[in-house]
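Only one structure is covered here, and it is reproduced in the block below.
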Amino acid sequence: YGFDLGLFNNRVGFEFTYYKTNSKNQLVSVQTPPASGYREKFINAGNVQNSGIEMTLNVTPVKTKDFTWTAYINYAKNDNKVLEIIDKSPEFNLRGDFINDVKIVVGKPFGEMYGRGFQRNEKGERLVTEAGLPLLTSARSVYLGNSRPKWNGGFGNRFMYKDFTLSFLITARMGGRVTSFTDAVIDGDGFTA
């Protein structure tokens, strides 16, 4: 659902969209065991539900015969949930690297990240070796967060003089976890404070 509103000879415009959709049988690349001889395979992912809003406000403060200045700002928010995965599996590894795995997990948003973490006792305290080094989990079973942003936005300007156009756009991606392999290597080599 949505609307597109233009006022004052389209000098001010506002667009709004709300959507809710289910994406079924999307092709998703998943990792395969190394013994298979293949690095990854494509599967039909199942059912992912997306809902969200998108809004754009644009204003033309200056409009003459030869020169036009238009400014615009936009906002978009998408919430999703994996409802079903083919083969009735509870999760699939989308991809992994040296420090984490990105998975699709039934009942969770798309893009959940898992990695190794500290082993802990019943009280939640970190376990350490006799040398005082923390013990790590053997598997990437510690939840790190979701890689998808909470919302996206942008602000832009467009200047048109006769046949010449100059524009710029500043975008924002707010939220979502990011892991850094560079930081992991620096930490592992003991170069961080």
Options Phe67, Gly175, Phe155, ranked by Cα towards positive dipole end of the chain, top entry (Cβ charges) = Phe67
Cα coordinate range in region 87-193, projected on the principal axes (Å, largest first) | 74, 45, 25
Identify which of Lys63, Lys81, Lys20 has the largest mean-square fluctuation in a Gaussian network model of the chain, with springs joining Cα atoms closer than 10 Å.
-> Lys63
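What's the FRET efficiency of Asp163 with Tyr38 using the Cβ-Cβ distance as r and R₀ = 45 Å, to the nearest 0.05?
So, using R0 = 45 Å, E works out to roughly 0.30.
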So if we plug the beta-carbon distance of Phe191 and Ile53 into 1/(1 + (r/R0)^6) with R0 = 45 Å, what FRET efficiency do we get, rounded to 0.05?
-> 0.55
If the chain between Asn121 and Ser29 were fully stretched, how many nm would it gain, using 0.36 nm times the residue separation less the Cα-Cα distance?
-> 29.5 nm
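Dipole size in debye (nearest 20) for the chain around its Cα centre, Lys and Arg Cβ +1, Asp and Glu Cβ -1?
The calculated dipole for the chain is roughly 480 debye.
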At a 1.4 Å probe, what is the % contribution of carbon and sulfur to the accessible area of region 27-183?
-> 56 percent
Taking 128-137, 8-17, 45-54 and ranking on average Cβ neighbours within 10 Å, highest first, one gets 45-54, 8-17, 128-137
Percent of all Cα-Cα pairs per 10 Å bin for region 17-71, counting from 0 up to the last occupied bin, reads 18, 21, 18, 16, 16, 9, 3
Tell me, what is the FRET efficiency for Thr68 and Ala172 to the nearest 0.05, using R0 = 25 angstrom and their Cβ-Cβ distance as r?
-> 0.45
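Convex hull volume of the Cα atoms in region 142-193, per residue, in Å³?
In region 142-193, the Cα hull volume divided by residue count equals 149 Å³.
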Full-stretch length increase - Asp4, Ala139 - with 0.36 nm per residue and alpha-carbon distance subtracted = 43.6 nm
Rg to Rh quotient for region 1-146, alpha carbon positions, Kirkwood Rh | 1.21
Ignoring ligands, DNA and RNA, how do Tyr143, Tyr38, Tyr75, Tyr114 rank by accessible area with a 1.4 Å probe, largest first?
-> Tyr38, Tyr143, Tyr75, Tyr114
Among Asn80, Phe3, Ala131, whose Cα sits farthest toward the positive end of the charge dipole of the chain (+1 at Cβ of Lys/Arg, -1 at Cβ of Asp/Glu, about the Cα centre)?
-> Phe3
Computed about the Cα centre, the charge dipole of region 96-145 from +1 Lys/Arg and -1 Asp/Glu charges at the Cβ has a magnitude in debye, to the nearest 20, of 100 debye
Residues of region 1-49: accessible area per residue at 1.4 Å, in Å²?
-> 78 Å²
Full-stretch length increase - Tyr18, Lys81 - with 0.36 nm per residue and alpha-carbon distance subtracted = 21.0 nm
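Taking a 30 Å limit on the Cα-Cα distance, which of the listed pairs Lys77/Lys103; Lys20/Lys162; Lys103/Lys123; Lys24/Lys77 fall beyond it?
Working: Lys77/Lys103 21 Å; Lys20/Lys162 42 Å; Lys103/Lys123 28 Å; Lys24/Lys77 21 Å.
Going by Cα-Cα distance, Lys20/Lys162 fall outside the 30 Å limit.
The values are calculated or read from the model by the stated rules, or taken from the named source; none is laboratory data. The model shown is predicted, which means the values in this text are computed figures rather than measured ones. Note that each Cβ is placed from the backbone with ideal geometry, even for glycine, and that neighbours are counted across all protein chains shown. We work out accessible area using only protein heavy atoms, side chains counted, and drop any ligands, DNA or RNA first. Shrake-Rupley method; radii C 1.70, N 1.55, O 1.52, S 1.80 Å.
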